[in-house]
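Step one of this worksheet: look at the structure below.
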Amino acid sequence: MLSGPPPPPPLLTLRRAAKNFGGVRALRGVDFDLQAGEVHALLGENGAGKSTLIKIITGAHQPDAGEIIVAGRSLTGLTPSLAQQLGIACIYQQPALFPDLTVAENIGLRLEPAGSMRRINWSQRRQRALELLARVGANLSPEAEVRTLSMPEQQLVEIACAVGAGARIVVMDEPTASLTSREQDRLFTVVRELRSSGVGIIYISHRLDEIFTLADRVTVLRDGESVGTQPVSAITHAGLIKLMVGREVDQLYPPTEFTGGEIVLELRNVGCAAAGVYNVSLAVRAGEVFGLAGLVGAGRSELARVLFGLTPADRGEILLCGKPITPRSPAEAVALGLAYVPEDRRRHGVVLELPIDQNITMAIHARLFPTAWLKLGTERKLALDFIRDLAVKCAGPQAPGGSLSGGNQQKVSLARWLATQPKILILDEPTQGVDVGAKSEIHRIIRQLAKAGLAVIMISSDLPEILGMSDRIGVMRGGKLTTILPGQSDAHAVMAAALGQELAKGAA
Amino acid sequence: MNRYFREISVTVALGLVLLVMAGFAPGFYQAQPLLSLITREAPTLVVMCGMALIIISRQIDISVGSQFSVCSIGAGLLAARGWPLVAVLPAAMMMGAAFGAFNGWLIAGLRLPSIVVTLATMVMLRQGLNLLQQGAFVNLPDGVQWFGLSQTVGQWTLVAAALSLLLACGLFMRHVAAGRWVYAVGTDAEAARLAGIRPHWVTFLVFVFVGALTGLAATMNLVQSPQIQPLVGSGLELKVIAAVVVGGVAISGGRGNVWGAFAGLLLLACVSPALTHLHVEAYWEKAIQGMIILLAVVADGLRQRGLKGGHG
């Protein structure tokens, strides 16, 4: 190396950046820096704080504490438009383009100056689009409607916009999640070209191989903290996994009392092409909590939706207490004794406008004959029983669902399904967005239900929760159930399976 | 805020209007004109019950006015051919139910937006009727008007029928599981589906129901006059939608009840005779009705914002 001027300042520096959402500490003082001409990978399990970090960099969120320095300038109050002016661009997994407009129109909308009455120079717009597309190596017509493009082609249009905007910092959020390997290679070429032109790239991916192929440095986030930034050349797969999970289960979980029971639900090679679930075989016993782990998009919720008849299985067999069943709609699934507490409780779990008692009895109306006379007193009593048993904090059974806190909404959602007296309870992220106190209460309830003989399938992205609650842990990846681990497994084994690393390799 | 704030406030407004009338225009309370007013509104009340369900389920049906016209003329022609009323009534209801089923099939089956579908069926039914009937009136045989009874008995029969239906709808929506499904589908169809309800069936059946009620209402209107003209029922859809909205049923679905809608209907229906008795120019009628509707919509908007702001 020449001994010349000191190295240029980083394109971007974050110092002790912190962000809270309500009581949840999403980021607790993260240091991060990005140099010109590097690919800096950002890695962490679900909920480690990657999205929050990205949103702070793109100006979508304001940090509660800490400093953002872009090109030597310390910024307070970074907004999305200021971020754009500073040359920060973000390419999301799902491109945010207008599907009914053409490529050139989309590029024009992003790059041309604002002004509602300004005249549009169509030939110039087209020319510019052609140039930018050529620069990112995209062989696309500027006149093509975006809806006719494939996902990777849309990504290239996004990248073209970023290049055209003169972006110096490009954030790529899991860009390869839906790409084939050939499309990946093309994307990598574009990323390398960007890097050699001096752009700094923040690259988020769950695929470790990609990080080793593409990245120069890697920063690992865990629980909203950075646990280290290292050059990729100085670290191994196993080392990375260890950084990602390296913590003990720090919360007390109620102990399991499961000793074995009848098989309640058995899946034999169940698949559903439309849902992206392939060849899943498993058996869940009465009294057992079966944890389903995996990364976001690994097919866990999709599997739950198959079981619940939302996207019916198109192959394989589902057996309930030994009898084959084919749930084709939630109504059928409920009648069979399945219950599904969905992930997005604000949207699909609790109906915010309806009072708590009606929310709780919603799924049992469906089992009654439609003309059944509802005894409001009975309904109220049922609601009061659940409110007491699950310790729902509310003004009363008539309070609207929307007046409750997240944890209490989750309990109401749970109560609705318990009211159906199911044989199998499928919980999708039961404690997501729930405060710590309510969380351990929900854990206690789950344990009690299992003890009472319910078979529980618990989907969770919270690794300690999976480890602390599950009697067995199924790990999904790419729509397949790849591994079933015993409940006493360590975090490392689960994470390795979720990331697709061989256990032997991971343990080495 | 009380859950029934909207219903209560409409009822209070109605009470105030009635009080003012008692004080300043006691002539309003003459028995026979008042009974006539209520009888004229009885068919509207029946259609309104159906519309309340439609809007609670987060749909809209603007074809009810045209359905009403077609059912009226259809029923009138059958009666003119000598069909007895006991046969005309189910025939008219089935005709309406068929129109409702067609709407419901397009909306729930093919997942088309209800505003466009019912706009199309509104125009189709109206123009089809004009084409066939060429504006001709249908003269009804003797014995149809007031069921062949005296006017007062006939009027009371109609009022009693409409009020019974209102009561039945009110109880159905509160105490019968299927009524709850209408609310559930209107607030959150996906949550309803996850709870094992079949939202598209609910939507379909609600449209069939409103169609059947429109047929019933057409028959109830038929017996009030010696002849029936093809323009009967034009503007009915706006009248019932206005009543339902004024009565506190949220246009975004999932909230409200037929009792509030009933109060809304009475409030709007009072405007015209009240003005007459207070010697205010009749031109004010529509303006005041418009203001009442606007006030209701603004109240709903504020309530929505309050709900979001409180827990968002």
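Take the Cα of B:Val123, step 7 Å toward its Cβ, do the same at A:Gln124, and the gap between the two points is 4.2 nm. Relative to the Cα centre, the charge distribution of the range A:263-507, modelled as +1 at Lys and Arg Cβ and -1 at Asp and Glu Cβ, gives a dipole magnitude of about 400 debye. With a Förster radius of 30 Å applied to the beta-carbon distance between A:Arg192 and A:Asp490, the computed FRET efficiency rounds to 0.25. Considering only the Cα atoms of the range A:107-155, their convex hull presents on average a projected area of 3.8 nm². Can you classify the range A:18-101 as rounded, prolate or oblate using the Cα gyration tensor, where a ≥ b ≥ c are the square roots of its eigenvalues, rounded means a/c under 1.5, and otherwise it's prolate if a/b beats b/c and oblate if not? Note, shape of the range A:18-101 comes out rounded. Taking the alpha carbon gyration tensor of the protein assembly as shown, multiplying each eigenvalue by 5 and rooting it gives semi-axes of 59, 34, 25 Å, largest first.
On the basis of the beta-carbon distance and an R0 of 56 Å, B:Leu238 and A:Asp64 show a calculated FRET efficiency of 0.60.
By other beta-carbon atoms within 10 Å, ranking B:Phe99, B:Phe172, B:Phe5 with the fewest at the front produces B:Phe5, B:Phe172, B:Phe99. Put a plus charge on the Cβ of each Lys and Arg, a minus charge on the Cβ of each Asp and Glu, and nothing anywhere else: the dipole of the range B:5-303 about its Cα centre is then about 520 debye. Projecting the Cα atoms of A:Pro327, A:Gly297, A:Thr311 onto the dipole axis of the range A:295-405, where Lys and Arg carry +1 and Asp and Glu carry -1 at the beta carbon, places A:Pro327 farthest toward the positive end.
Legend: distances between Cα atoms for A:Lys323/A:Lys423; A:Lys393/A:Lys439; A:Lys381/A:Lys411; A:Lys50/A:Lys393; A:Lys19/A:Lys439; A:Lys411/A:Lys480; pairs beyond 24 Å are A:Lys50/A:Lys393; A:Lys411/A:Lys480. Ranked for footprinting exposure by Cβ neighbours inside 10 Å, fewest first, B:Cys49, A:Cys90, B:Cys270 give B:Cys270, A:Cys90, B:Cys49.
On the basis of the beta-carbon distance and an R0 of 60 Å, A:Asn139 and B:Leu302 show a calculated FRET efficiency of 0.65. The ranking of A:Phe188, A:Phe386 from fewest to most other beta carbons within 10 Å of each one's beta carbon is A:Phe188, A:Phe386. Relative to the Cα centre, the charge distribution of the protein assembly as shown, modelled as +1 at Lys and Arg Cβ and -1 at Asp and Glu Cβ, gives a dipole magnitude of about 580 debye.
Taking B:Arg58, B:Arg255, B:Arg111 as the candidate residues, the one with maximal mean-square fluctuation in a Gaussian network model of chain B, Cα springs under 10 Å, is B:Arg111. Candidates A:Pro9, A:Met495, B:Gly148 compared by Cα position along the dipole of the protein assembly as shown: farthest toward the positive end lies B:Gly148, with charges placed on Cβ. Farthest towards the positive end of the charge dipole of the range A:85-226, among the residues A:Met172, A:Cys90, A:Pro142, is the Cα of A:Pro142, using unit charges on the Cβ of Lys, Arg, Asp and Glu. Each residue, A:Ala96 and B:Leu149, gets one label point 7 Å from its Cα in the Cβ direction; the gap between the two is 6.7 nm.
Read-outs throughout are calculated quantities, based only on the coordinates presented, and are distinct from any laboratory measurement. Small disclaimer: the values here were computed from a predicted structure and weren't measured. For neighbour counting, all protein chains shown are included, and Cβ atoms are generated from backbone atoms with ideal geometry for every residue, glycine included.
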